[in-house]
Structure formats: structure tokens, C-alpha cells
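Visitor: Questions regarding the structure given below will be posed in turn.
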Amino acid sequence: MKILITGGAGFIGSNLVHHILATTDHTVLNLDALTYAGNLASLQDVASNPRYRFVLGDICDAEKLRKIFTEFKPDWVMHLAAESHVDRSIDGPGAFIQTNVVGTFNLLQCARAHFDSLDAESKGRFRFLHVSTDEVYGTLGETGYFTEKTAYDPHSPYSASKAASDHLARAWHDTFGIPVLVTNCSNNYGPYQFPEKLIPVVILKALRGDPIPVYGKGENIRDWLFVGDHAEALYTVISKGVIGKTYNIGGNNERKNIDLVQLLCGILDELRPRSDGKKYESLITFVTDRPGHDMRYAIDASKIKRELGWAPKQDHVSGFRKTVAWYLDNETWWQNILNGQYKLERLGAKS
């Protein structure tokens, strides 16, 4: 297969590129605009692979997209390109509307034209996977889970823009017959995550001896999904999933934020003890909560397990140990980022 991956230099995208090149014989074209979170250093080890090609481009550039579809003629499209950080969406929602909504529209239109030009055999192979988030569902109480039938109730500019893109993808299937699949995943963590998200922030703040910020009282709950497991799930969906269906992807790994931070501190105590003998947990500092902070997300991933046979491999601790160890072993990767404009400062604090 020839696979077009959008956003392949990002966190989830780079892990997906690695997974496909390592486990299949497929050819990958990675289209990425290399905004702040896109990082070719995450793909340095595959840059010379003859089955891999990188193209610098923005999904908001419809002409660029048309050219790529015409020349590359993808069998599959795996659409991950997105603005993805809630805090940044509070500071600057416009970029989220452009990339997540307008960009997805452009990509769907080009996929539609490409699909219509294919012969019957090629149409039978073509797939368009739209990758989204559980945040479109809003927030849960103390019990219950998000299922594929949960009504949308987004509360941040980020989740609203992703909800809009989900609706577009499904509409292009229902109206124009594009063979679309949609996935909604829980919070990802693991190697190559840009250090603005909770887990790398905790690790890197701790290593520097800085206060470790925890929003509110740390009682917000998330279901954590190891990015390697997610990459495997995405490939499973596009290769085995039923056209027109949605699949929720979760880690079966719910934790309060404060419990997660304490776990990470404990792993760091073991793998990289502080020189002063103190525990990293002593650095935890509670800060003003994020505006509109959803209390709890939890994914019911039983459908993808039942229908496609996928389940996460990492348990409640193993993936976090792998992640801490990766950041300890790859200081050059994250230090190059912190030498740029981003300095682990808090974003999205506006009320």
C-alpha cells in the first residue's frame, strides 16, 4: 500500500510512521507543516528508508494537497495533522479552526476527487482514516464511559474544532461515499511528545528541580494510552475496520492527575535520584485550574477489541516506565526543543 500520513512529524504521527515502516512493507509519504510540534528529529532514523518520503506542506494549502494526490496516488490516507493542545487553543483559537476544520475539509475534498478518479479495484482498496480525540464527548461524572454512541459535547476551542472535523469526515462518507473511518482516542503519552503536555512537563520540570505544576487539586481523571499501542490500533482500524464506522481507542488506564504525577515522581526517584536525596514529589505545586477543564474522560474500548481484536499492551505502570526512561535516554531530543522558543512555561491561563 501507498499511505499518505498527515502530521507524520508530530507525536502520534512519528510513532505511527515508525510502526508502519517496522512492521509492514508499505510505502509512507509524510506530509507535515512542521509547526512548533512537528519535529523531523523524531524521524531521523528512518529518513533514508527507501519506503519513506517527507513532504513539507500544510493541509490548508489545497493546491499542494491536489498535487500530492495526483503524484503519489495513495491507497490509504491516515489523517493526524491537527493543532492539539487545549491550553494553546485558549490563547489562540484561530489556528485550530484553520487547521482542524478548514484543513480537514481541504483534505476530504482532495480525497473525494482522487477517489472518484480511481478504477473499481483501486476504489476497493482506498481508505481514509480520520484520527480524533475523546475530548469531543465533553466530560464524565464519577462513573460511566465514552462509547461510540456518546453525544458530542465539546468544551474547549480545541475539542470543538475536532468535533467539527469529525462531523465533516462522516458527512463526506454519507454524502459522497468516501470510504471513511473515524477513531477517537484517550490521552496519549510516550516517546517524542512535545514537552507542553502533562507527562513530559512533569518529567522535565522534575529533572530541572523546578516546581511541578498540577492544575486545581489534581483530581481531574484521564484514561492514558501508550502511543505505541495507539499506532498499532490505528493500523488495525485502517486495515481491518468497517467503512463508515467509528472506533474508540483507550488505554484501560484511568488515573487522577495527582496520582499520575506522584507515580512519575516515584519512577524518577528510582531511575534518576536527586543529588540532594529529596523526593521529586516535594516539587509538586498546585496552580490555578485551566478554564473549562473537563473533570473526567474514560473510554469504553470494548468495540475495537470485540470486532478487530485490538487491546493495549501496556499496563498501569509499564508504559509510564518506558516513557520516563525514554526522556532520560534522549536528552538531546528534548533539550533542542527547550533551546528554542518554548521554555516549559504555562499556556492557556486566560479566564
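The values are calculated or read from the model by the stated rules, or taken from the named source; none is laboratory data. Small disclaimer: the values here were computed from a predicted structure and weren't measured. A quick note on method: Cβ atoms are made from the backbone with ideal geometry, for glycine too, and the neighbour counts reach across all protein chains shown.
Visitor: Identify, from the list Glu281, Glu270, the residue that is surrounded by fewer than 14 Cβ atoms within 10 Å (Cβ to Cβ) and over 30 Å from Asp174 (Cα atoms).
Guide: Glu270
Visitor: Mind checking which residues of segment 122-146 are more than 18 Å from the chain's Cα centre (by Cα) and surrounded by 15 or more Cβ atoms within 10 Å (Cβ to Cβ)?
Guide: The answer is Phe126, Arg127, Thr139, Leu140, Tyr145.
Yes/no per residue for (1) more than 30 Å from Glu142 (Cα to Cα); (2) surrounded by fewer than 17 Cβ atoms within 10 Å (Cβ to Cβ); (3) β-branched (Val, Ile, Thr):
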residue	(1), (2), (3)
Asp289	no, yes, no
Gly292	no, yes, no
Arg296	no, no, no
Ser302	no, yes, no
Arg306	no, yes, no
Ala325	yes, yes, no
Ile337	yes, no, yes
Gly340	yes, yes, no
Leu344	yes, yes, no
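Visitor: Next question, about the same structure. Taking segment 32-80, which residues are buried (at least 16 other Cβ atoms within 10 Å of the Cβ), within 18 Å of Ala22 (Cβ to Cβ) and touching an Asp or Glu at 6+ places or on another chain (Cβ under 8 Å)?
Guide: Residue satisfying the conditions is Phe54 alone.
Visitor: Which strands (runs of 3 or more DSSP E) sit wholly inside segment 230-293 and have at least 1 residues that are in contact (Cβ under 8 Å) with a residue 40 or more places away in the chain, charged (D, E, K, R) and closer than 22 Å to Leu198 by Cα? Give the steps one after another, and end with the answer.
Guide: Values: elements: 246-249, 254-256, 284-287.
Because the criterion is at least 1 residues that are in contact (Cβ under 8 Å) with a residue 40 or more places away in the chain, charged (D, E, K, R) and closer than 22 Å to Leu198 by Cα, the strands (runs of 3 or more DSSP E) in segment 230-293 that meet it are 254-256.
Visitor: Sticking with this structure for a sec: Test Arg88 against the stated conditions and say whether it is among the basic types (Lys, Arg) and under 23 Å from the mean Cα position of the chain (by Cα).
Guide: Criteria met by Arg88.
Visitor: Quick one: in segment 172-219, of everything that is out of contact with any Leu (no Cβ under 8 Å at 6 or more places or on another chain) and among the polar types (S, T, N, Q), which residue is surrounded by the fewest Cβ atoms within 10 Å (Cβ to Cβ)?
Guide: Looking at residues that are out of contact with any Leu (no Cβ under 8 Å at 6 or more places or on another chain) and among the polar types (S, T, N, Q), I get Thr175.
Table: residues versus (1) out of contact with any strand residue (DSSP E or B) (no Cβ under 8 Å at 6 or more places or on another chain); (2) of a type in the set (Lys, Arg); (3) at pLDDT 95 or above; (4) closer than 19 Å to Thr246 by Cβ.
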{"site": "Val102", "(1), (2), (3), (4)": "yes, no, yes, no"}
{"site": "His114", "(1), (2), (3), (4)": "yes, no, yes, no"}
{"site": "Ala120", "(1), (2), (3), (4)": "yes, no, yes, no"}
{"site": "Val131", "(1), (2), (3), (4)": "no, no, yes, yes"}
{"site": "Glu142", "(1), (2), (3), (4)": "no, no, no, no"}
{"site": "Phe146", "(1), (2), (3), (4)": "no, no, yes, yes"}
{"site": "Lys149", "(1), (2), (3), (4)": "yes, yes, yes, yes"}
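Visitor: Another one. If you go through segment 294-325, how many residues are of a type in the set (Gly, Ala, Ser), touching a Leu at 6+ places or on another chain (Cβ under 7 Å) and outside any loop (DSSP other than H, G, I, E, B)?
Guide: Summing the residues that are of a type in the set (Gly, Ala, Ser), touching a Leu at 6+ places or on another chain (Cβ under 7 Å) and outside any loop (DSSP other than H, G, I, E, B) in segment 294-325 gives 1.
Visitor: Right, here's the next one. In segment 222-233, which residue that is out of contact with any Gly (no Cβ under 8 Å at 6 or more places or on another chain) and farther than 25 Å from Thr139 by Cβ is surrounded by the fewest Cβ atoms within 10 Å (Cβ to Cβ)?
Guide: The selected residue is Glu232.
Visitor: So if I check each of Ala82, Ala33, Ala22, which one is of a type outside the set (D, E, K, R), out of contact with any Leu (no Cβ under 9 Å at 6 or more places or on another chain) and under 29 Å from Gln341 (Cα atoms)?
Guide: Going through Ala82, Ala33, Ala22 in turn, the sole match is Ala82.
Visitor: Still on this structure, please answer the following. Can you tell me how many residues within segment 2-47 are among the polar types (S, T, N, Q) and touching a strand residue (DSSP E or B) at 6+ places or on another chain (Cβ under 6 Å)?
Guide: Total meeting the criteria: 3.
Visitor: Further question: I'd like to check which strands (runs of 3 or more DSSP E) are fully inside segment 42-153 and have at least 3 residues that are touching a residue at least 60 places away in the same chain (Cβ under 8 Å).
Guide: Qualifying strands (runs of 3 or more DSSP E): 76-79, 127-133.
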